[in-house]
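Novice: Structure incoming, see below.
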Amino acid sequence: MTKKDVPQENDDDQATPIEPIEVTVAGPDDAATPFEDQLLQLTDALQRERADALNLRRRHEAEMNNLRTRVKSSIIHDLLPVIDNFERALKHVPADLEGNDYIKGVQGVVKQFETTLGDMGVERIKSVGEAFDPHFHEAISMDEGEGTEEIVSEELQAGFKIGDDVIRHAMVRVKQQ
C-alpha cells in the first residue's frame, strides 16, 4: 500500500496550521477497498443510466418521426381524391377549350399539388410497364397473355408512397407477358 499526505482542514474560522493526515490507497496488487468497490459500482450504474437515457432519446426521436410520417400520410390520403378529380377533369377537356386560360389555371393547380407533394417526400408509384408488385399495386383485372410474367398494362388510379410506406396502392390492370 502507498501512503499519501492529505491536508486536514480545521472547521474553525481561525487561521490554524493544517496538519497532514495519512490516507492509504490500495495499489494494483492490493484488494479493493469497500469505497473503491462502491465507486466502481456507481460508475457502472451511471454509465448504464447514460446509455438508457441515450437509447430513450433515440427511441423518442424515431417515434416522433414515425408519428409525423403517419400524420402526413393521413392528410395526403384525404387530399388524394381532390387531386384525382382535378386530373380526371383535365383528361376530359373539350378540344376547343384546351388553350383556355381557365384550363391553364387548373393545370397550374395540379402541378402545384404535385410539386408540394414532392417537397413533402411523396412519390407517385410507377405502374405502367412495371412488373406487378402487390406491395404497391392493387390489380383490378387480369388480361391473359402468352407469358408468365405479370406486367402492369394500365393505371386506373395513381398510387402514392412516402419512402417505403404506401399511402395508397395504385389500382391497375395487369397483363401476362
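Novice: Which is within 17 Å of the chain's Cα centre (by Cα) and either of a type in the set (A, V, I, L, M, F, W, C) or under 19 Å from Q157 (Cβ atoms) (or both), of L97, L56?
Specialist: Selected residue: L56, the only one of L97, L56 that is within 17 Å of the chain's Cα centre (by Cα) and either of a type in the set (A, V, I, L, M, F, W, C) or under 19 Å from Q157 (Cβ atoms) (or both).
Novice: Within the stretch 149-177, which residues are aliphatic (A, V, I, L, M) and either surrounded by fewer than 16 Cβ atoms within 10 Å (Cβ to Cβ) or outside any strand (DSSP E or B) (or both)?
Specialist: L156, A158
Novice: Further question: Condition first: loosely packed, with under 13 Cβ neighbours inside 10 Å, under 30 Å from Q177 (Cα atoms) and at pLDDT 90 or above. Can you find one or more residues in the stretch 86-102 that meet it?
Specialist: So far as the stretch 86-102 goes, yes, one or more of its residues are loosely packed, with under 13 Cβ neighbours inside 10 Å, under 30 Å from Q177 (Cα atoms) and at pLDDT 90 or above.
Novice: Looking at I151, I162, I140, which is the one that is touching a Leu at 6+ places or on another chain (Cβ under 8 Å) and among the hydrophobic types (A, V, I, L, M, F, W, C)?
Specialist: Criteria check complete, one pass: I140.
Novice: Looking only at the stretch 115-134, which residues are farther than 17 Å from K72 by Cβ and hydroxyl-bearing (S, T, Y)?
Specialist: Scanning the stretch 115-134 gives a single hit, S127.
Novice: Assess whether D133 counts as being free of Cβ contacts under 8 Å to residues at least 12 places away in the same chain and surrounded by 13 or more Cβ atoms within 10 Å (Cβ to Cβ).
Specialist: So D133 passes the test.
The values are calculated or read from the model by the stated rules, or taken from the named source; none is laboratory data. As the structure is a prediction and not an experimental result, all values here were calculated from the model. Don't worry about glycine lacking a Cβ; one is built from the backbone with ideal geometry, like all the others, and counts go over all protein chains shown.
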